[in-house]
1. Charges on Cβ only, +1 for Lys and Arg, -1 for Asp and Glu, centred on the Cα centroid of the protein assembly as shown; of A:ALA45, A:GLY70, B:LEU80, which one is farthest towards the dipole's positive end?
2. Please report, in cubic angstrom per residue, the volume enclosed by the convex hull of the alpha-carbon atoms of the protein assembly as shown.
3. Within 10 Å of each Cβ of A:74-82, how many other protein chain Cβ atoms are there on average?
4. So for the pair A:GLU20, A:ASP51, with labels modelled 7 Å out along Cα→Cβ, what separation do we get in nm?
5. Note the angle between two axes, namely the Cα long axis of helix A:58-67 and the longest principal axis of the Cα atoms of chain A, as a number of degrees from 0 to 90, rounded to the nearest 10.
6. Whole angstrom only: what separates the Cα centroid of region A:37-63 from the Cα centroid of region A:141-196?
7. Give me the dipole magnitude in Debye, nearest 20, for chain A about the Cα centre, with unit charges on the beta carbon: positive for Lys and Arg, negative for Asp and Glu.
8. Cysteines of the protein assembly as shown lacking any other cysteine beta carbon under 4.7 Å?
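Any read-out appearing in this document is the output of simple, stated calculations on the displayed coordinates, not a laboratory observation. Quick caveat: nothing in here was measured; it's all calculated off a predicted structure. Positions of Cβ are generated from backbone atoms using ideal geometry, with glycine treated the same way; all protein chains shown enter the neighbour counts.
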Amino acid sequence: MKHHHDHSHDRSFDSGPPSEYEIMSRAIQELLVEKGIITPEQVRARMEQFDADFPYRGPRVIAHAWADPGFKARLLADGKRACAEFGVDLEADRLIAVENTPQVHNVIVCTLCSCYPRALLGMPPTWYKSENYRRRIVREPREVLREFGTVIPEHVSVRVHDSNADMRYVVVPMRPAGTEGWSEEKLAGLITRDSLVGVTVPKI
Amino acid sequence: MNLPSAYTEAPARRFNVGERVRVKASEPPGHRRTPHYVRGKRGVIERVCGTFANPEELAYGFDGEPKRVLYRVRFEQRELWADYRGPEHDYLELEIYEHWLERA
């Protein structure tokens, strides 16, 4: 998993005690194991199955959008259809791709739960699901972005997208300068999961 | 703004892109998909997403009928948060079902 920056989300984002639901779900899991209905191996295997079912394909799609302006336009117009054209089946997900420009920076959250374009980006990182991120990114996005090392200039419009209903979202970051002539594979190597949620921007 | 093609049609919709709307300030019990922080707030229709089974019904095992038109609504952050510290061109966008919206 590509996820490199210099602070620990797990600690800085959810410092409080586990929620009632976390405690309940943990208790149910422990009871099921104790009664011999499931084994910890089955739980782990199921989690691995989730990763296998939803491979992390976002960087290839976005690199293709960077390399092919026509594809990028189609991705912005209809994310699901463009991904299908590229051979990526998003299954039930309807996808809205939002483009970063010199004037606009986009960032995604789901304040109600943790909706995430799993068919494109795989399982969400822990911080995305944290109450701290969900609560703060909608009301002080610039401060939260700064904690991710992303400083958005005053003149740039910050747009927060709360993925609260039937749409899923992905950010199309700006292609870094100095990558002219790069292959799509090399471009994809610049694109991190965090940059597709909008908390960071790709850099050379 | 043209409606992207794979979105379901919503010919019977009440609102169009660019129209000013207000989210109802009601507090009904049960499973709701309209976050509290936008209730009673004014915004602008950003796009029409199509027609969807009503999740507030699906949540209780009903069939989600009648289907509801889903919109993306753009809010100025300063409308949402009186103490917002960023510039006036910061926005928040989210999806609201038609029965939660009224003309502003």
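1. Of the candidates, B:LEU80 comes out farthest on the positive side.
2. Working: hull volume 49.1 nm³, N = 308.
Looking at the protein assembly as shown, the number lands at 159 Å³ per residue.
3. Counting Cβ atoms of other protein chains within 10 Å of each residue's Cβ and averaging gives 3.
4. Simple spin-label model gives 3.3 nm for this pair.
5. That helix lies at roughly 0 degrees to the long axis.
6. Region A:37-63 and region A:141-196 have Cα centres spaced 24 Å from each other.
7. Values: 27 positive and 29 negative charges, 68 e Å.
I would put it at about 320 debye.
8. A:CYS83, A:CYS113, B:CYS49
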